[in-house]
Amino acid sequence: MKMRIKKGDQVEVITGKEENKGKRGEVIKVLSKENRVVVQGLNMVTKHQREVQSEGRAVNPGIVKYEGAIEASNVMVVCKKCNKPTRVGISREGDKAVRVCKKCGGLLD
Ligand SMILES: [Zn+2]
């Protein structure tokens, strides 16, 4: 199934890790091949980076935090109109397909 989440969408995590559940954020990256999305500020992953020596100085030592990808099926797009997480429906407007909220019918694009 084709992913119906796009970069810039507001999403809510509906299932998965306890720390992420119920949280909302903006999609900053869509990994369509892996069926995953990266959401700003969510699912933070901590990486302990070894010190890198550059010209005798330590560069970027310590801990690096970044957003880990989340299964697309674990998140739902938040509708701008009804402000609820919803499944995405597809509606035809003339000759183009638009994404609509399954709950209120509001446009998601
Ligand atoms: Zn809605």
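The values are calculated or read from the model by the stated rules, or taken from the named source; none is laboratory data. Computed from a predicted model, the values in this text were never measured in an experiment. In case anyone asks, the SASA skips ligands and DNA or RNA and just uses the protein heavy atoms, side chains included. Shrake-Rupley method; radii C 1.70, N 1.55, O 1.52, S 1.80 Å.
If you roll a 1.4 Å probe over the chain with all protein chains in place, what percent of the accessible area is carbon or sulfur?
That fraction is 47 percent.
When a/c reaches 1.5 or more, the comparison of a/b and b/c decides; with that in mind, is the chain rounded, prolate or oblate per its Cα gyration tensor?
Prolate, because a/c is 1.5 or more and a/b exceeds b/c.
For K23, enumerate residues with amide H under 5 Å from its amide H, sequence gap 5+ or separate chain, H modeled in the peptide plane.
Under 5 Å from the amide H of K23: V13.
For the pairs K65/K103; K21/K103; K21/K96; K47/K81; K2/K65; K2/K29, flag any whose C-alpha to C-alpha distance is greater than 27 Å.
Beyond 27 Å between Cα atoms: K65/K103; K21/K96; K47/K81; K2/K65.
Can you give the % of DSSP beta bridges in the chain that are antiparallel, to the nearest 5?
100 percent
Say we join alpha carbon atoms closer than 10 Å with springs in a Gaussian network model of the chain; which of E19, E34, E55 then has the biggest fluctuation?
Highest fluctuation among the options: E55.
With a 1.4 Å probe and every protein chain left in place, work out the accessible area per residue of the chain in Å², rounded to a whole number.
69 Å²
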